[in-house]
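Student: I am attaching a structure below and will ask some questions about it afterwards.
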Amino acid sequence: MRFFSFTIDQYKPMPVEVEVSLVPGVPRFQFMGLPDSVIKESELRIKAALRNSGFDMPKGQQILVNLRPISQRKKSEGMDLAIALAYLYASDQWRPSIEDACELYAYGELGLDGCCRTPLDFELNEDVQGPIFLGKVLGNSKGEFYEVHHLSKLENLPFRINGNMNEAMERPQLSHWKFDPSVGRLLAISASGEHSLLLAGPAGSGKTTVAEALHSLREDPTKEQFRESKIWNRRLGHTIKWRPLVIPHHSTPTLSMIGGGVPPFPGEITRAHGGTLVLDELLEFKNPVKEALREPMEKQTISVARRGKMTTFPAKSLVVGTTNLCPCGDFVPGNPVSCRFTLGRCRSYLDRLSGPMADRFQILSYSDKWSGSSEPKVSLQNIYSEVKRGVEFRHRRGQSIVNGQLDIDSVEISDFIEKEILGAPEGLSRRRLRSTLVVARTIADLEESMEIQPEHIGEAESYTLKPFLNLKRAFI
């Protein structure tokens, strides 16, 4: 495959062949063939565009770029795209799928974010519309093209992509863990409906294990979802093979968690986009960090304003929090207080969890109820089979969006259920009522029921209402 671009000679575009070879050395571009300063500066633009589009840069390899004919000085504002494509071809990350193509012409300026723009110094003809054109030559070098392709972003290449960006997803293997039936039911409901979950209870009761197991039980992402998650992780220097699992340390500052800086860069919540964000030891996070997560947990995006400019990053993830409720870790609402610390100190520790933050979690479960059961344990494989059944039934109902993201008005309920919901205890937010409805919808899917039944509401309330009421009444 030969790649061509154009140089401007006396205000006319002249073809230039772009050759790229990878050799051992310092990972940087080395230009040959009398390029001008604009072409030399393209190294930094191309590197940033490739990284931000999800492609790899070489490690321990120098990128030699030869512009032919070598005796002619090259002046061009749109050679970025051809150099980038020639590099992707040489590094086996991309292959054009145009039939019988042996020569490919490309001309376009790359932005740092991978956007392709039309250079001001070149026009193909008046009939061409769109920022960038790609195509194969008709058999001459006079700028006549067919099969013209327009490109807005480098990541949207209209041809077949090889290498890491086309890797098949590798679902994590289910471990041999076994859980109490009550924990298995909790995992099946949360994984099937993708409901945010807060696990609270004594230290050593398996909260983190349950959170990690929940991630492995989730539905496979679509190709587009996986590609988007992979691109954002690549931008932050991480490689994933399935949904990302992000477990930031509780000392993580606000800037690293939600993003920011000048220019704004994404944070951990964006790295978890499309995956699972586990906030282990939630109450140990600083209050500004916890409160900053309230908006993205609700809107599934995070907007950062710096120097008068607003940047929005995706933040669509399943958030799972784990925490102790007092300094010694033994306190659980409804149980006799056996903490060695004073009541005032326990209350002060629990005050780290604000009401609005707790309200963002659709499900709250106390881990003290998980141990000591004499019932047979449930394997992750059996739980996953139940999750698949619930997901498949949801698709059969014609619903593509997961239940955890439904609006309260999107859940169909009978008049009897509506009266029962409206008769819920006072003082509960609309968010609590929504959580009850969407969790009940998930329970109905697991039971393969087209309609939500009263028993589904009753079970949902044991996850979405009663634990929160007990938490409110703690230390009263």
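None of the figures in this text is laboratory data; all of them are computed from the coordinates on show. Just so it is clear, the structure is predicted and the values come from calculations on it, not from any experiment. Note that each Cβ is placed from the backbone with ideal geometry, even for glycine, and that neighbours are counted across all protein chains shown.
Student: Taking amide H positions as placed 1.01 Å from N in the peptide plane, with prolines and chain starts having none, which residues 5 or more places from F4, or on another chain, fall under 5 Å of its amide H?
Tutor: V18, L104, Y105, A106
Student: Here is a further query. Let's test the formula: R0 of 56 Å, r as the Cβ-Cβ distance of Q453 and N156. What FRET efficiency results, to the nearest 0.05?
Tutor: The calculated FRET efficiency here is 0.75.
Student: Report, by chain and number, residues whose modeled amide H sits under 5 Å from the one on A315, excluding near sequence neighbours (fewer than 5 apart, same chain).
Tutor: T301, I302
Student: OK, next. Tell me the Kirkwood hydrodynamic radius of the stretch 23-95 in angstroms, computed as one over the mean inverse distance between distinct C-alpha pairs.
Tutor: Computed over the stretch 23-95, the radius equals 12.7 Å.
Student: In whole Å, largest first, what are the principal axis extents of the Cα atoms in the stretch 178-472?
Tutor: That gives 54, 52, 38 Å along the principal axes, largest extent first.
Student: Now for a separate question. Taking other Cβ within 10 Å of each residue's Cβ, how do D36, D407 sort, fewest first? Mind dumping the intermediate values first?
Tutor: Working: D36 16, D407 10.
Ascending Cβ contact count within 10 Å gives the list D407, D36.
Student: Convert each backbone phi in the stretch 174-183 into a coupling constant with the Karplus relation 6.51 cos²θ - 1.76 cosθ + 1.60 (shift: θ = phi - 60°), then list the ³J(HN,Hα) values in order as whole Hz, x for Gly and Pro.
Tutor: 6, 6, 8, 4, 10, 10, 4, x, 5, 5
Student: Would you mind calculating the gained length between T208 and E103 on full extension (0.36 nm times residue separation, minus the Cα-Cα distance), in nm to one decimal?
Tutor: 32.3 nm
Student: Rounded to whole Hz and in sequence order, give me ³J(HN,Hα) for the stretch 200-212 from the Karplus expression 6.51 cos²θ - 1.76 cosθ + 1.60, θ = phi - 60°, writing x for Gly and Pro.
Tutor: 10, x, x, 5, x, 8, x, 5, 5, 4, 5, 4, 5
Student: Where a ≥ b ≥ c are the square roots of the eigenvalues of the C-alpha gyration tensor, would you call the stretch 224-274 rounded, which needs a/c under 1.5, or, failing that, prolate if a/b is larger than b/c, or oblate?
Tutor: oblate
Student: Turning to a different aspect of this structure: Give a residue-ordered list of calculated ³J(HN,Hα) values for the stretch 361-366 (Karplus: 6.51 cos²θ - 1.76 cosθ + 1.60, θ = phi - 60°; whole Hz; x for Gly, Pro).
Tutor: Each residue's phi maps through the Karplus curve to give 7, 6, 10, 10, 9, 9 Hz.
Student: Please rank W177, W232, fewest neighbouring Cβ atoms within 10 Å first, as an exposure proxy.
Tutor: Going from sparsest to densest Cβ surroundings: W177, W232.
Student: If each of R307 and S385 carries a label point 7 Å out from its Cα toward its Cβ, how far apart are those two points in nm?
Tutor: 5.9
Student: Using the count of nearby Cβ atoms within 10 Å as a rough guide to exposure, how do S429, S5 rank from fewest to most?
Tutor: By the 10 Å Cβ count, ascending, the order reads S429, S5.
Student: Would you calculate the separation in nanometres between label points at Q225 and D113, each defined as 7 Å from the Cα along the Cα-to-beta-carbon direction?
Tutor: Label at Q225, label at D113, 2.4 nm between them.
Student: Sequence-distant or interchain residues sharing an amide H contact under 5 Å with F265, placed H: which?
Tutor: HN-HN under 5 Å from F265: G260.
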